[in-house]
Every structure is written in structure tokens, then in C-alpha cells.
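K.L.:
Can you keep this structure in mind? I'll have questions shortly.
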Amino acid sequence: MTVELDAPPRATPSWTRRHLLGLEDLSAAEIETILRKADDFLEVSQRSRKKVAALTGRVVLNLFFEPSTRTRTSFSLAARRLSADTVDFTVTGSSTSKGESFIDTARNLEAMGVDVMVVRHSSPGAPHLLAQHLNCSVINAGDGAHEHPTQGLLDVYTIQRSKGRVAGLTVGLIGDIAHSRVARSNIHALTKLGARVIVCGPPTLVPPTIRRLGVEIAHRFDDILPQLDVVNLLRVQFERQRKGLFPSIHEYAALFGMDSQRLRRAKDDVLILAPGPINRGVEVTPEVADGPNSAILQQVTNGLAIRMAVLYLLCGQRSAERQANENAPVRETAETP
Ligand code: ASP
């Protein structure tokens, strides 16, 4: 029983960030700090009373400009399990339709006493912009095709819990690498923790420059399949694509979809992941998605623990900053007599 989770969070020496904007500039040690903290919260989520008092009195606001099922619900639930107050901002019906800018909207919401703003937006860099204009903590919950850090964290966490390690494993990211923020966050987390990463998809959906992030590129799933310890099946991001990047969805499924025939040619203990939403029969067939190698629903469970860990660590850092300001010696100004 981790009693200290009922007390207000304190600063952790291995975590000194106010925001979580991406995994690109996080160190392996920082990623590991989040994963270790998630272990505590996974335990909380398994209790019959799934609640600790750590964030009592704090306010977490979800500011989502794009659809979401898992991420928004899981951030809300994570905040509630930590006893924070939560607010879901929905664009429909808000004053953005009256011409209020993104920054003004966020600053007005922050003025109601928000401690953490969880932001999803179709423009890459939108959460980074808010972090420059707000005093509260900002969490990137997906910015265009750029990053989705908590998804990257929950994916490596699921791999670590299932395989006992991440270092030395070969992970295949299959599908629409070009338009997937999940791909980028996975690549950063996996390479930092020592995995070998192969990205695989039709040439039109795999930009050759992705190699610079330290990954290998393949275009034939069947060629790399037997080497893979983990297969992460990424959805084709039709909403971010121009038309005609591959001949048909049927052909895509035949070449890059994970079905039971392919599963037979993979390692016996291959771990199947997918960030969701899954399109059954496209990137994965129902037998595989619901079969024994699949950890798709465990990802969702683990995501809640990861988001609790992130909220806890960011609030701990903010408390430490506030305390440091209160304890700072008052500086004399020119007006001081
Ligand atoms: N839910 C994930 C995201 O928002 C993956 C996806 O939509 O395909 O990026």
C-alpha cells in the first residue's frame, strides 16, 4: 500500500518538468521515472476503492479540438482517481465559433484556476504554444501528426510489463507512419529505452527521412514479421491524408493487416498492440485483436496508470516551484526606501 499517494505530491529529483509536450526531448531516465510511478497507480486502479487524495483541490481541464474516446476519458478518470476536479471543454457550443482565438480561449479557461491543461489539437505545436502563454502545466494529448506522448509511454509500459524489458527487443510499427503521431512518440520512447525499431508500410506512407530518428525502414511486412517481438498496428490516418496514397483499403489490408495466417508465421509470443481506434479487418482482424497475443485492452488499462503518473509528477513539480518562489528572499527594488 503506497500511503504517500494520499498526501500532496512533492517534487521528485528525477522529474523537473512543468509540461509534457513530447517524448523527443525526454531522457531515458525521465521516461523510466514515469513508468515506475505508473506501477504505483496500476496498484491503485486494482483496488475496489480506486482513489487516492494526492491532487485534492487541483483542477485538470481537457481542451480537445479533435475527437477522442480513450485519451479524454482516461485523463478525466486519472484526474478523478487522484481526487482532482476535472472539466471537459468541448469546442462545439463554445465561443471559438464566435471567433475567439485558441490562446484567448485557453487563457480564459486558465483564469478559472486550472492547474493542468490537457490539449489535443490538429495543428502540430499547438500545446507548445499554450505552454509559452500559460502558467499552468500543459500536457500534449496529440498534436496533428507530431506527437502523442502519453500513448508512446503507455505502449512502452505495456511492452515492459508483458516482456519484462524493452531494451534488445525488435518492435515493428506497421502502417501509416507518415501521418501518425503515435509512430513518432513510439519511436522516441522505444529507441531511448534501447529497442530496435522497424517501421513498415507502403512507400507513400513511410517518409524516408524517418530514418534520422534511428529506425530501419521496410515495405514488406512478411519479410520482417518473423523477427518481431512486438507488432504495433497503426491506423491509416485518412483524416490527415491527401487522397490516393495507396490503391485500395482491401489491398492495404492484404499487405499490411495482421491476420491469423500472419500470426502463425510470427514468433509464438509476439505481442500485438494497437493504439485504437482499430478498424477490424483493415489493420487487424477480429481473431487477432481479441486473441491471446493481443494486449490492446491492457494498453487502455495501462494508459490510465500512465496518465495518473504524469498528472502526479507535473503537479509535484509545480508545488515545488511554488514553494521555491514563496521561500525566495524578497528582492529590493529601486522604489524600496
Ligand atoms: N487515438 C490515436 C491518436 O489520436 C491513434 C489514432 O487515432 O489512430 O492518434
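The values are calculated or read from the model by the stated rules, or taken from the named source; none is laboratory data. Everything numeric in this text was worked out from a predicted model, so none of it was measured. No Cβ is skipped: glycine too gets one built from the backbone with ideal geometry, and neighbour counts run over all protein chains shown. Side chains included, ligands, DNA and RNA excluded: accessible areas come from the protein's heavy atoms. Shrake-Rupley method; radii C 1.70, N 1.55, O 1.52, S 1.80 Å.
K.L.:
Which condition number in (1) open to solvent by less than 10 Å² (accessible area, probe 1.4 Å); (2) out of contact with any strand residue (DSSP E or B) (no Cβ under 6 Å at 6 or more places or on another chain); (3) within 16 Å of the ligand (Cβ to nearest atom); (4) more than 21 Å from A253 (Cβ to Cβ) is the one that V166 fails?
P.N.:
Only one criterion in (1) open to solvent by less than 10 Å² (accessible area, probe 1.4 Å); (2) out of contact with any strand residue (DSSP E or B) (no Cβ under 6 Å at 6 or more places or on another chain); (3) within 16 Å of the ligand (Cβ to nearest atom); (4) more than 21 Å from A253 (Cβ to Cβ) is unmet by V166, namely (3).
K.L.:
So, one more: Of everything in region 209-224, what is assigned to a helix (DSSP H, G or I) and touching a helix residue (DSSP H, G or I) at 6+ places or on another chain (Cβ under 8 Å)? Give them in sequence order. Steps first, answer last, please.
P.N.:
Of region 209-224, the ones assigned to a helix (DSSP H, G or I) are 209-213, 221-224.
Scanning region 209-224 gives I210, L213, F221, D222.
K.L.:
Quick one: is G257 at positive phi and open to solvent by less than 70 Å² (accessible area, probe 1.4 Å)? Give the derivation first.
P.N.:
On the way: at positive phi: no; open to solvent by less than 70 Å² (accessible area, probe 1.4 Å): yes.
Criteria not met by G257.
K.L.:
For region 170-208, enumerate the residues that are more than 30 Å from I249 (Cβ to Cβ) and part of a loop (DSSP other than H, G, I, E, B). Give the derivation first.
P.N.:
In the first step, residues of region 170-208 are kept if they are more than 30 Å from I249 (Cβ to Cβ); the result is 191-194.
Hits for region 170-208 are L193, G194.
K.L.:
Within region 54-99, which residues are of a type in the set (S, T, N, Q), open to solvent by 80 Å² or more (accessible area, probe 1.4 Å) and closer than 22 Å to P149 by Cα? I'd like the intermediate steps shown before the answer.
P.N.:
Initial filter on region 54-99 (of a type in the set (S, T, N, Q)): 56, 62, 68-69, 71, 73-74, 76, 83, 86, 90, 92, 94-97.
Keeping just the survivors that are open to solvent by 80 Å² or more (accessible area, probe 1.4 Å) gives 56, 69, 73, 92, 97.
The answer is T69, T73.
K.L.:
Just to be sure before I move on: is R120 open to solvent by 50 Å² or more (accessible area, probe 1.4 Å) and charged (D, E, K, R) in the structure I sent? Break it down into steps so the answer makes sense when it comes.
P.N.:
On the way: open to solvent by 50 Å² or more (accessible area, probe 1.4 Å): no; charged (D, E, K, R): yes.
No: the conditions fail for R120.
K.L.:
A follow-up question, please. Does F41 count as within 16 Å of the ligand (Cβ to nearest atom) and either of a type outside the set (S, T, Y) or open to solvent by 40 Å² or more (accessible area, probe 1.4 Å) (or both)?
P.N.:
Numbers: within 16 Å of the ligand (Cβ to nearest atom): no; either of a type outside the set (S, T, Y) or open to solvent by 40 Å² or more (accessible area, probe 1.4 Å) (or both): yes.
The answer is no for F41.
K.L.:
List every residue pair whose Cβ atoms sit under 7 Å apart, with the two residues 6 or more apart in sequence or on different chains, where the first one lies in region 307-323 and is under 15 Å from G22 (Cα atoms) and the second, anywhere, is small (G, A, S).
P.N.:
Listed pairs, sorted by first residue: R307/S74; R307/A78; L311/A78; L311/A79; L314/S137.
K.L.:
Note down all Cβ pairs under 6 Å where the first residue falls in region 140-157 and is open to solvent by 10 Å² or more (accessible area, probe 1.4 Å), the second is more than 10 Å from the ligand (Cβ to nearest atom), and they're at least six residues apart or on different chains.
P.N.:
Going by the 6 Å Cβ cut-off, the qualifying pairs are H146/P124.
K.L.:
Based on this model, can you work out whether L20 counts as at pLDDT 95 or above and within 16 Å of the ligand (Cβ to nearest atom)?
P.N.:
Values: at pLDDT 95 or above: yes; within 16 Å of the ligand (Cβ to nearest atom): yes.
For L20, the condition - at pLDDT 95 or above and within 16 Å of the ligand (Cβ to nearest atom) - is met.
K.L.:
Continuing with the same structure: Select from region 215-234 the residues that are over 22 Å from the mean Cα position of the chain (by Cα) and hydrophobic (A, V, I, L, M, F, W, C) and write down the one among them that is nearest to the ligand (Cβ to nearest atom). Show your work before the answer.
P.N.:
Going through region 215-234, the residues over 22 Å from the mean Cα position of the chain (by Cα) turn out to be 216-228.
Cutting the leftovers down to hydrophobic (A, V, I, L, M, F, W, C) gives us 217-218, 221, 224-225, 228.
Working: I217: 20, A218: 21, F221: 18, I224: 21, L225: 21, L228: 20 Å.
Filtering region 215-234 for residues that are over 22 Å from the mean Cα position of the chain (by Cα) and hydrophobic (A, V, I, L, M, F, W, C), the one nearest to the ligand (Cβ to nearest atom) comes out as F221.
K.L.:
Does K51 fit the bill of being among the basic types (K, R), under 20 Å from the mean Cα position of the chain (by Cα) and either surrounded by 16 or more Cβ atoms within 10 Å (Cβ to Cβ) or over 24 Å from V166 (Cα atoms) (or both)? Steps first, answer last, please.
P.N.:
Details: among the basic types (K, R): yes; under 20 Å from the mean Cα position of the chain (by Cα): no; either surrounded by 16 or more Cβ atoms within 10 Å (Cβ to Cβ) or over 24 Å from V166 (Cα atoms) (or both): yes.
Answer is no for this residue.
K.L.:
Within 19 Å of S27 (Cα to Cα), more than 16 Å from the ligand (Cβ to nearest atom) and either touching a helix residue (DSSP H, G or I) at 6+ places or on another chain (Cβ under 6 Å) or among the polar types (S, T, N, Q) (or both) - does that describe any residue in region 172-186?
P.N.:
No, there is no match, as no residue in region 172-186 is within 19 Å of S27 (Cα to Cα), more than 16 Å from the ligand (Cβ to nearest atom) and either touching a helix residue (DSSP H, G or I) at 6+ places or on another chain (Cβ under 6 Å) or among the polar types (S, T, N, Q) (or both).
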